[in-house]
């Protein structure tokens, strides 16, 4: 069986953000089972403008779409900003609405923030509307994420570790069963 490739999209544009560190922790924990490929260029994608003809879409947008197409699944790890979805992440997703890269793409969402409930609900609704496969079952909120990772980018508590492992196991099962 070939190793599965999961595109890990970080919703934060800040280098070494907690969500970047969360992706690293997940990658380390599942290194023997999956190739987790981080996408850290979310902030380079230009502002979405629906009036641009498809043949003139920016190269950063085309590259983002190709990364999604090439992956067996997508994992989004994002903070919540002002009770909402980070603008750069929502912008990147908006570029895929008409082209359909997320439609029936197995996708998991982790909102890791101080609270996360409001941004998580909003992004979950967007991912449902664009028809991400199994998104209703593949999501998790990790509140107070800053206290849940140590300086070695490992989980500090058993509950968070178990919750992330359960989500990732469900994601891998979904990938393997289609």
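Observations on the model:
- Those residues of segment 147-161 which are more than 18 Å from the chain's Cα centre (by Cα), buried (at least 19 other Cβ atoms within 10 Å of the Cβ) and free of Cβ contacts under 8 Å to residues at least 60 places away in the same chain, in sequence order: 148
- The lone criterion from (1) part of a helix (DSSP H, G or I); (2) in contact with a helix residue (DSSP H, G or I) (Cβ under 7 Å, 6 or more places away or on another chain) left unmet by residue 63 is number (2).
- Selection from segment 35-60 of residues that are in contact (Cβ under 8 Å) with a residue 24 or more places away in the chain, part of a helix (DSSP H, G or I) and either under 21 Å from the mean Cα position of the chain (by Cα) or surrounded by 13 or more Cβ atoms within 10 Å (Cβ to Cβ) (or both): 42, 43
- Residue list for segment 87-146, restricted to those being surrounded by fewer than 16 Cβ atoms within 10 Å (Cβ to Cβ) and in a loop (DSSP other than H, G, I, E, B): 97, 98, 99, 100, 103, 104, 114, 115, 131, 136, 137, 144
Conditions tested, residue by residue: (1) in contact (Cβ under 8 Å) with a residue 40 or more places away in the chain; (2) closer than 25 Å to residue 61 by Cβ.
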{"site": "87", "(1), (2)": "no, yes"}
{"site": "112", "(1), (2)": "yes, no"}
{"site": "117", "(1), (2)": "no, no"}
{"site": "124", "(1), (2)": "no, yes"}
{"site": "135", "(1), (2)": "no, yes"}
{"site": "143", "(1), (2)": "no, no"}
{"site": "163", "(1), (2)": "no, no"}
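- Enumeration of residues in segment 147-165 that are in a helix (DSSP H, G or I) and in contact with a strand residue (DSSP E or B) (Cβ under 8 Å, 6 or more places away or on another chain): 160, 161, 163, 164
- Options 12, 27: the member that is in contact with a strand residue (DSSP E or B) (Cβ under 8 Å, 6 or more places away or on another chain), part of a loop (DSSP other than H, G, I, E, B) and either closer than 22 Å to residue 165 by Cα or modelled with pLDDT of 95 or more (or both): 12
The values are calculated or read from the model by the stated rules, or taken from the named source; none is laboratory data. Source: prediction; values computed, not measured. Counting neighbours? That spans all protein chains shown, and the Cβs are built from the backbone with ideal geometry, glycine included.
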